[in-house]
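Enquirer: Below: one structure in structure tokens.
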Amino acid sequence: MRLTGLTIFNYKNIAEAELSFSPKLNCFIGGNGQGKTNLLDAIHFLSFCRSYSSSIDTLAVRHGSEFMSLQGRYDFDDGTSEDIHIGLKLGQKKVVRRGKKAYRRISEHIGLIPLVMVSPADQILVMGGSEERRRFIDMVICQYDPAYTEALLRYNRALQQRNAMLKQDDEPDPSVILVFEEQMAREADYIYRQRNAYITDLIPIFQQFYDRISGRNEEVELRYVSHMQRGPLLEQLQSQRFKDRAVGYSLHGIHKDDLEMLQNGYPVRREGSQGQSKTFLIALKLAQFDFLSRTGRRTTPLLLLDDIFDKLDADRVEQIVRLVGGEHFGQIFITDTNRSHLDRILASLQGDNRIFLVEKGKPLSDPHSLS
């Protein structure tokens, strides 16, 4: 799959831009705060109908503007093409169109344009709470399994209703709260099986990428942890109802799942250096890319790399460049502040590429682009 063209109006600090892209490598170069990451974020928005950095849509609208608009033109591996348009006016719901037809539900769009983004913001997967790692897992599975998305929505609704009953001053009606517990257990069973299958498949791929980038200098491990591994969730919810009532929320369920990230047997956030932590995250995202390319629509996802070479030594940079420059990876979008650094990378890769110089929210095609 390829993004052939992108039109932007009033997205973050980008007032207006109309860009045509190389089918292989596209580079955005400029100083900090000029808008490089916002260009990648606009591409992400067209895939997931949300910003990579924020769940608040209004933050995507340029200061002083009343609306924002994004349009992307995509060529798929089967020879078909699609225009995707997203419009958002302050005070109104965003509208997502495929061709000329608006989606009834935005969730219907997720998975049409598979995409993997690697960003400095991914550090939250290591340093943040378990909810960040669950979101990482869910965003992958939702791209190829619409039933999973629906199961998550039903589970979360039942969880909210059970929690509301736990907070009541009066003792909850056992027959009513049981209805919500049974629904949580039903949905949790499917969600757990899908998460477990995904992570089981992901682990050896992640390990291969990490070993390749690091030169096998560290031992790393991914470990999925879930209450479902203890037995049926319904039994846990019923046996712990008194304790849950005391704290006012549900202590057990797939909303507590975690993905442990370990180096030499200890959490990466404690054991790893900045470079090792970044290597861990890049290997994880490249494994995610590999997985998505083999599932769902079986189309090559877009790969977005935002300032990924900072904090990495030359050997690891070289290995990453060799990996993403291979035939396995399709269209790539990359940002960097260092032009000479990026020129060396481009010179080592084969195939078409395009460079855009970004200044004050204005991306301009570089007439000296390599190709």
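Enquirer: Kindly indicate whether any position in the stretch 147-156 is farther than 21 Å from Phe9 by Cα and in contact with a strand residue (DSSP E or B) (Cβ under 7 Å, 6 or more places away or on another chain).
Expert: Initial filter on the stretch 147-156 (farther than 21 Å from Phe9 by Cα): 147-156.
Restricting the remaining residues to those that are in contact with a strand residue (DSSP E or B) (Cβ under 7 Å, 6 or more places away or on another chain) gives none.
No, every residue in the stretch 147-156 fails to be farther than 21 Å from Phe9 by Cα and in contact with a strand residue (DSSP E or B) (Cβ under 7 Å, 6 or more places away or on another chain).
Enquirer: Can you confirm whether Met68 is of a type in the set (A, V, I, L, M, F, W, C), closer than 30 Å to Lys311 by Cα and not in a helix (DSSP H, G or I)? Can you show your working first?
Expert: Values: of a type in the set (A, V, I, L, M, F, W, C): yes; closer than 30 Å to Lys311 by Cα: no; not in a helix (DSSP H, G or I): yes.
Criteria not met by Met68.
Conditions (1) assigned by TED's automatic domain parsing to the domain that holds His328; (2) touching a strand residue (DSSP E or B) at 6+ places or on another chain (Cβ under 7 Å); (3) under 27 Å from Cys142 (Cα atoms); (4) not in a helix (DSSP H, G or I), marked per residue:
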position: Arg162; (1), (2), (3), (4): no, no, yes, no
position: Ile177; (1), (2), (3), (4): no, no, no, no
position: Met184; (1), (2), (3), (4): no, no, yes, no
position: Glu187; (1), (2), (3), (4): no, no, yes, no
position: Asn196; (1), (2), (3), (4): no, yes, yes, no
position: Tyr210; (1), (2), (3), (4): no, yes, yes, no
position: Lys243; (1), (2), (3), (4): no, no, no, no
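Enquirer: Tell me which of these Phe180 doesn't satisfy, since it passes every other one: (1) within 26 Å of the chain's Cα centre (by Cα); (2) more than 26 Å from Ser293 (Cβ to Cβ).
Expert: (1)
Enquirer: Quick one: in the stretch 22-49, of everything that is farther than 15 Å from Ile334 by Cα and assigned to a loop (DSSP other than H, G, I, E, B), which residue is modelled with the lowest pLDDT? It would help to see each step written out before you state the result.
Expert: Filtering the stretch 22-49 down to residues farther than 15 Å from Ile334 by Cα leaves 33, 45-49.
Checking which are assigned to a loop (DSSP other than H, G, I, E, B) leaves us with 33, 49.
Numbers: Gly33: 87, Cys49: 92.
By that ranking, first place goes to Gly33.
Enquirer: So how many residues does the stretch 213-233 have that are touching a residue at least 40 places away in the same chain (Cβ under 8 Å) and either touching a helix residue (DSSP H, G or I) at 6+ places or on another chain (Cβ under 6 Å) or more than 18 Å from Leu323 (Cα to Cα) (or both)? Explain how you work it out, then say what you get.
Expert: Of the stretch 213-233, the ones touching a residue at least 40 places away in the same chain (Cβ under 8 Å) are 213-215, 218-222, 228, 232-233.
Then drop every residue that is not either touching a helix residue (DSSP H, G or I) at 6+ places or on another chain (Cβ under 6 Å) or more than 18 Å from Leu323 (Cα to Cα) (or both), which leaves 213-214, 218-222, 228, 232-233.
Final tally of qualifying residues: 10.
Enquirer: Under the condition of being of a type in the set (Val, Ile, Thr) and under 22 Å from Lys24 (Cβ atoms), which residue from the stretch 51-104 is surrounded by the fewest Cβ atoms within 10 Å (Cβ to Cβ)?
Expert: Of the residues in the stretch 51-104, the ones of a type in the set (Val, Ile, Thr) are 56, 58, 61, 80, 84, 86, 95-96.
This time we only want the ones that are under 22 Å from Lys24 (Cβ atoms), so: 80, 84.
Working: Thr80: 8, Ile84: 21.
My answer is Thr80.
Enquirer: Okay, next question. Conditions first: (1) in a helix (DSSP H, G or I); (2) out of contact with any strand residue (DSSP E or B) (no Cβ under 7 Å at 6 or more places or on another chain); (3) of a type in the set (A, V, I, L, M, F, W, C). Ile110 passes all but one, so which condition is the exception?
Expert: Result: Ile110 fails condition (1) only.
Enquirer: Taking the condition touching a Phe, Trp or Tyr at 6+ places or on another chain (Cβ under 9 Å), assigned to a strand (DSSP E or B) and touching a residue at least 40 places away in the same chain (Cβ under 8 Å), does Leu19 pass?
Expert: Working: touching a Phe, Trp or Tyr at 6+ places or on another chain (Cβ under 9 Å): yes; assigned to a strand (DSSP E or B): yes; touching a residue at least 40 places away in the same chain (Cβ under 8 Å): yes.
Here the answer is yes, as Leu19 does meet what is asked.
Enquirer: Of Tyr74, Tyr52, which residue is within 25 Å of Asp145 (Cβ to Cβ), part of a strand (DSSP E or B) and under 20 Å from the mean Cα position of the chain (by Cα)? Steps first, answer last, please.
Expert: Details: Tyr52 fails: part of a strand (DSSP E or B).
Checking each option against the conditions leaves just Tyr74.
Enquirer: Here is a follow-up. Ala147 - would you say it is outside the structural domain of Pro23 (by TED's automatic domain parsing), more than 13 Å from the chain's Cα centre (by Cα) and of a type in the set (A, V, I, L, M)?
Expert: Details: outside the structural domain of Pro23 (by TED's automatic domain parsing): yes; more than 13 Å from the chain's Cα centre (by Cα): yes; of a type in the set (A, V, I, L, M): yes.
It is true that Ala147 is outside the structural domain of Pro23 (by TED's automatic domain parsing), more than 13 Å from the chain's Cα centre (by Cα) and of a type in the set (A, V, I, L, M).
Enquirer: Turning to a different aspect of this structure: Looking at (1) farther than 22 Å from Glu150 by Cβ; (2) in a helix (DSSP H, G or I); (3) touching a residue at least 12 places away in the same chain (Cβ under 8 Å); (4) not hydroxyl-bearing (Ser, Thr, Tyr), which is the one condition that is false for Ile137?
Expert: The single condition Ile137 does not satisfy is (1).
Enquirer: If you don't mind, another one. Among the listed residues Gln183, Gln263, Gln236, Gln274, identify the single one that is within 30 Å of Gly325 (Cα to Cα) and either crowded, with 16+ Cβ neighbours inside 10 Å or out of contact with any Lys or Arg (no Cβ under 9 Å at 6 or more places or on another chain) (or both). It would help to see each step written out before you state the result.
Expert: Numbers: Gln183 fails: within 30 Å of Gly325 (Cα to Cα); Gln236 fails: within 30 Å of Gly325 (Cα to Cα); Gln274 fails: either crowded, with 16+ Cβ neighbours inside 10 Å or out of contact with any Lys or Arg (no Cβ under 9 Å at 6 or more places or on another chain) (or both).
Residue meeting the stated conditions: Gln263.
Enquirer: Out of the residues in the stretch 26-44 meeting the condition of being touching a helix residue (DSSP H, G or I) at 6+ places or on another chain (Cβ under 7 Å) and of a type in the set (A, V, I, L, M, F, W, C), tell me which one is surrounded by the most Cβ atoms within 10 Å (Cβ to Cβ).
Expert: Residues of the stretch 26-44 that are touching a helix residue (DSSP H, G or I) at 6+ places or on another chain (Cβ under 7 Å), as a first pass: 27-30.
Add one more test, that the residue is of a type in the set (A, V, I, L, M, F, W, C), and what stays is 27-29.
Working: Cys27: 26, Phe28: 24, Ile29: 22.
This residue is Cys27.
Enquirer: Go through the stretch 306-318 and give me each residue that's surrounded by 18 or more Cβ atoms within 10 Å (Cβ to Cβ) and under 18 Å from Ser214 (Cβ atoms). Steps first, answer last, please.
Expert: Within the stretch 306-318, the subset surrounded by 18 or more Cβ atoms within 10 Å (Cβ to Cβ) is 306-309, 312, 316.
Ile308, Phe309, Leu312, Arg316, listed by residue number.
The values are calculated or read from the model by the stated rules, or taken from the named source; none is laboratory data. Just so you know, these numbers come straight off a predicted model, no measurement behind them. Virtual Cβ from ideal backbone geometry, glycine too; neighbours counted across all protein chains shown.
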